[in-house]
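Report on the following structure.
Every number here is computed from the coordinates shown, using simple stated rules; none is lab data. Quick caveat, the model's predicted, so the values are computed rather than measured. No Cβ is skipped: glycine too gets one built from the backbone with ideal geometry, and neighbour counts run over all protein chains shown.
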Ligand SMILES: Nc1ncnc2c1ncn2[C@@H]1O[C@H](COP(=O)(O)OP(=O)(O)OP(=O)(O)O)[C@@H](O)[C@H]1O
């Protein structure tokens, strides 16, 4: 008999497969992530790491298998999803309103990723690293318990990488979960590693 007091994981994926452009990208992937847990997806270029994160986030369908999501999810990938003509702060505030989070949470994320001084810059003028920090700030401000981070360290300088590590640690300590795909060391000890092979 199942324990009625048992806390469900934030996300549970069983035997999932993904096909893109008529080609099988991955199959037989099973993973689960609970409160305070982190998981790293590794694999060579084209192995399907980004595809896996998008499947887990519900942005693309899985071919078969099941995914149970028990928590709000924020996906941070290379798609900025901020209005390029808007000022950075306005663009992030728009999403904070959409996500229904209070202003203090956004202010904290802006401060954490050192974006305050860029608040009035149009989004289209941000550098690669600044864009990445904006994506991470949006994720942090979203209040989502499960973060899906696709190459979160790309383009970040040493200080921003430390900021990312601190944000991840605080999120896990607060009962969040993280699934990340990264080619390089994020200075974070992931609890689980899932390897994808190129097929
Ligand atoms: N929209 C799409 N339509 C068809 N095929 C796609 C699409 N997006 C990605 N693919 C293919 O799916 C495969 C996996 O791509 P994906 O971006 O998930 O890999 P990845 O492991 O994240 O790669 P990288 O390490 O280079 O970021 C690749 O062969 C890619 O060409």
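A few points about this structure:
- Percent RCO, i.e. relative contact order, over segment 78-144, from Cα pairs under 8 Å lying at least 6 residues apart: 47 percent
- In degrees, nearest ten, helix 158-173 long axis to first principal axis of the chain (Cα): 60 degrees
- Springs between Cα atoms under 10 Å define the GNM used for the chain, and in it the highest mean-square fluctuation of 134, 35, 119 occurs at 119.
- Residues considered: 77, 166, 85. Largest GNM mean-square fluctuation over the chain, using C-alpha springs under 10 Å, is found at 85.
- Each Cα pair of segment 131-182 feeds into the Kirkwood radius, which the Stokes-Einstein equation turns, at 20 °C and 1.002 mPa s, into a diffusion coefficient of 194 µm²/s.
- Here the simple spin-label model places points 7 Å from the Cα toward Cβ, and for residue 24 and residue 166 these points are separated by 4.6 nm.
- The calculated FRET efficiency for residue 114 paired with residue 6, based on their beta-carbon distance and R0 = 35 Å, is about 0.30.
- Gyration tensor (alpha-carbon) shape descriptor, segment 1-95, a/c threshold 1.5: oblate
- Degrees, to the nearest 10: 88-99 long Cα axis against longest axis of the chain: 40 degrees
- Compared with the dominant principal axis of the Cα atoms in the chain, helix 128-142 is inclined by about 70°.
- Residues 98, 125 arranged by fewest to most Cβ contacts within 10 Å: 98, 125
- Cβ-Cβ FRET estimate between residue 86 and residue 159, R0 fixed at 25 Å, reported to 0.05: 0.45
- Convex hull projection area averaged over all views, the chain, Cα basis, nm²: 12.1 nm²
- Value of Rg to Rh for segment 78-144 (Rh from inverse mean 1/r over Cα pairs, i.e. Kirkwood): 0.91
- Set of segment 152-192 residues, backbone N closer than 13 Å to the point 7 Å along the Cα-Cβ line of residue 107: none
- In this calculation the C-beta distance from residue 199 to residue 68 is compared with R0 = 35 Å, giving a FRET efficiency of 0.85.
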